[in-house]
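Take a look at the structure set out below.
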Amino acid sequence: DTAVSQTPKYLVTQMGNDKSIKCEQNLGHDTMYWYKQDSKKFLKIMFSYNNKELIINETVPNRFSPKSPDKAHLNLHINSLELGDSAVYFCASSQERPSTDTQYFGPGTRLTVL
Amino acid sequence: DAKTTQPNSMESNEEEPVHLPCNHSTISGTDYIHWYRQLPSQGPEYVIHGLTSNVNNRMASLAIAEDRKSSTLILHRATLRDAAVYYCILRGLRGGSNYKLTFGKGTLLTVNP
């Protein structure tokens, strides 16, 4: 069974459209994340949710809205897509510990905005 | 954020040991040293982490300098499947500004058959 899964794997869409990427984890973790990896391969955190509450919100345009219906899911909705949103988006999860914890990443969703 | 410096790329032969260096001269006393790797077309995966003492697990070993200003990830016998970008990341305690994973450029490891 896949620990962290994302759908879709590929997403091609036109500028201005609204799209969603879904993420599910079956590890029983209480924290989930969204990362963006751009064309230069830099991987940057966007959001983090702990027990359905937003705890990290990096300087991401408010066209991006994460939604966590429950602890096992963290979806990413993007409004008014722009060319610069083209990237690979990774979801991750972890079980939060006082000192440190391991993050488990999904396979990624490659978003192409035309 | 505390920063790390890694070589852009390294090359190894299959079944030989690989030593991947990481410099982190500005590390603070509560920063853990984490290593993740990203295989081609996959998400990053955890490799190992440590604080002060050397660490071993089934994937690799982590050797940490006594002053903690550098560390080395050791793959004891490289396989073709180990070809990936390896990221050395400093991570602070929960609640601090350095708690999130901040990925740098990493080291691209090429393994030759």
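The values are calculated or read from the model by the stated rules, or taken from the named source; none is laboratory data. Values in this document were obtained by computation on a predicted structure and should not be read as measured data. Cβ placement follows ideal geometry from the backbone for every residue including glycine, while neighbour counts extend to all protein chains displayed. Accessible surface is based on the protein model in full, side chains and every heavy atom, while ligands, DNA and RNA are left aside. Shrake-Rupley method; radii C 1.70, N 1.55, O 1.52, S 1.80 Å.
Accessible area per residue, 1.4 Å probe, Å², for chain A: what's the number?
Counting only protein heavy atoms, the per-residue value for chain A is 50 Å².
Picking from B:Leu80, B:Ala60, B:Tyr99, whose Cα lies most toward the positive end of the charge dipole for chain B (charges on Cβ: Lys, Arg +1; Asp, Glu -1)?
B:Tyr99
To the nearest hundred square angstrom, how large is the accessible surface buried between A and B, total for both chains, probe 1.4 angstrom?
On the way: alone 6570 and 6500 Å², together 11410 Å².
When A and B are taken together, about 1700 Å² of accessible area is lost.
Which of the residues in the range B:41-66 show a loss of at least 40 Å² in accessible area from their chain by itself to the complete set of protein chains, at a probe of 1.4 Å?
B:Pro44
Going toward the positive end of the dipole of the protein assembly as shown, with +1 on Lys and Arg Cβ and -1 on Asp and Glu Cβ, which of A:Leu43, A:Leu114, A:Tyr104 do you reach last?
So the residue furthest toward the plus end is A:Leu114.
Sticking with the crude label model, points 7 Å out along Cα→Cβ, report the distance from B:Thr30 to B:Asn13 in nm, one decimal please.
Between B:Thr30 and B:Asn13, the simple spin-label model gives 4.7 nm.
Quick one: work out the % antiparallel among DSSP beta bridges in the protein assembly as shown, nearest 5.
Values: 65 of 74 bridges.
Percent antiparallel among DSSP bridges in the protein assembly as shown is about 90.
Once the dipole of the range A:57-96 is set up with Lys and Arg at +1 and Asp and Glu at -1 on Cβ about the Cα centre, which of A:Gly84, A:Ser94, A:Ala72 lies farthest towards its positive end?
It is A:Ala72, whose Cα lies furthest towards the positive end.
Counting only heavy atoms of the protein chains, get the accessible area per residue of the range B:12-85 (1.4 Å probe) and round it to a whole Å² value. Mind showing how you got there, number by number?
On the way: 3710 Å² over 74 residues.
For the range B:12-85, the per-residue accessible area is 50 Å².
Shape of chain A from its Cα gyration tensor (a ≥ b ≥ c, root eigenvalues): rounded if a/c is under 1.5, otherwise prolate when a/b > b/c, or oblate?
Values: a/c = 1.77, a/b = 1.67, b/c = 1.06.
In terms of gyration-tensor shape, prolate.
Using a 1.4 angstrom probe on protein heavy atoms only, which residues from the range B:82-102 are buried by at least 30 Å² of accessible area when all chains are present rather than their own chain alone?
Residues shielded by partner chains are B:Arg91, B:Arg94, B:Tyr99, B:Lys100, B:Leu101.
Using a 1.4 Å probe over the heavy atoms of the protein chains, calculate the carbon and sulfur portion of the accessible area of the range A:1-99 as a whole percent. Before the final figure, lay out each step's value.
On the way: 2530 of 5210 Å².
Reported share for carbon and sulfur atoms: 49 percent.
In whole angstrom, note down how far apart the Cα centers of the range B:67-113 and the range A:14-28 are.
First find each Cα centre; the distance between them is then 28 Å.
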